[in-house]
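Working notes for the structure below.
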Amino acid sequence: MRRNAHSTMFQYDQVRDGRLPNGESAVIAVVVGADQHPLVLQIANDPQVREIVRRYLGYAPPRLNIRLLWSFVTSVPDAERIAAAQTIDYHFDVQSYNFIYANYYLSDVDTRSGAHAMILASHRKKPLPWLLGSVRQGRDAVLERYGADSEVVIQGPAGFGFIQDASCYHKAIAPVDRERLMLQIRYY
């Protein structure tokens, strides 16, 4: 079973054209119980990843949080995607100064199937108004501040992984052709 942003439980095969049988949109969903799966726990506790995380943070984080996320193809407007907690606009995670993510695509991902985008080095030197105001910024403002060449779109085949400091500006690109399945592990 899966849970969308409104905590509705449903099965994956109930989603048709980004909608549930009751007409409710299915934008993004968390797979219930994935954090207990032995293979997922093995991936989360991989010694190489743990060492990278330790070196980056400067300490070995004792806790982790695991989410397996579906991002569905749907024609809903951006406002509805945002209301459903799909982060399709550039933002940074405020509390991420003491945690880091390891992300793994479990489906093939490109710009049309929910790729992740990041702004290189944007975890440093944010303008004071941006730190004191909303964590969300428009793409144009972010690119003007950090340069168009700082935007990296992370694409890859199923099994591809990357580690992210979520205090940099980042976003999910809404899938338009194929849904995305991503394993996200937060170390803190």
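The values are calculated or read from the model by the stated rules, or taken from the named source; none is laboratory data. Keep in mind the model is a prediction, meaning the values are calculated, not measured. Here Cβ is always computed from backbone atoms with ideal geometry, including for glycine, and neighbour counts include all displayed protein chains. Surface areas here come from the heavy atoms of the whole protein model, side chains and all, with no ligands, DNA or RNA. Shrake-Rupley method; radii C 1.70, N 1.55, O 1.52, S 1.80 Å.
Being under 13 Å from the mean Cα position of the chain (by Cα), surrounded by fewer than 20 Cβ atoms within 10 Å (Cβ to Cβ) and among the hydrophobic types (A, V, I, L, M, F, W, C) is the filter here; which residues of the range 84-105 pass it?
ALA85, ILE88
Are there any pairs, at least 6 apart or on different chains, whose C-beta atoms fall under 8 Å, with the first in the range 164-186 and open to solvent by 20 Å² or more (accessible area, probe 1.4 Å) and the second aromatic (Phe, Trp, Tyr) and outside any strand (DSSP E or B), and if so, which?
Short answer, once both residue conditions are applied: ASP165/TYR56; GLU179/PHE72; ARG186/PHE99.
If you scan the range 31-60, which residues turn out to be assigned to a loop (DSSP other than H, G, I, E, B) and either touching a helix residue (DSSP H, G or I) at 6+ places or on another chain (Cβ under 8 Å) or farther than 30 Å from ALA174 by Cα (or both)? Before the answer, list the steps.
At the first step, the residues of the range 31-60 found to be assigned to a loop (DSSP other than H, G, I, E, B) are 32-33, 37, 45-46, 58-60.
Within the range 31-60, GLY58, TYR59, ALA60 meet the criteria.
Residue by residue through the range 108-143, note down the ones that are more than 17 Å from the chain's Cα centre (by Cα) and at positive phi.
ALA121, LYS125
Could you say which residue among ARG81, ARG3, ARG50, ARG54 is at pLDDT below 95 and open to solvent by 40 Å² or more (accessible area, probe 1.4 Å)?
Only one candidate qualifies: ARG3.
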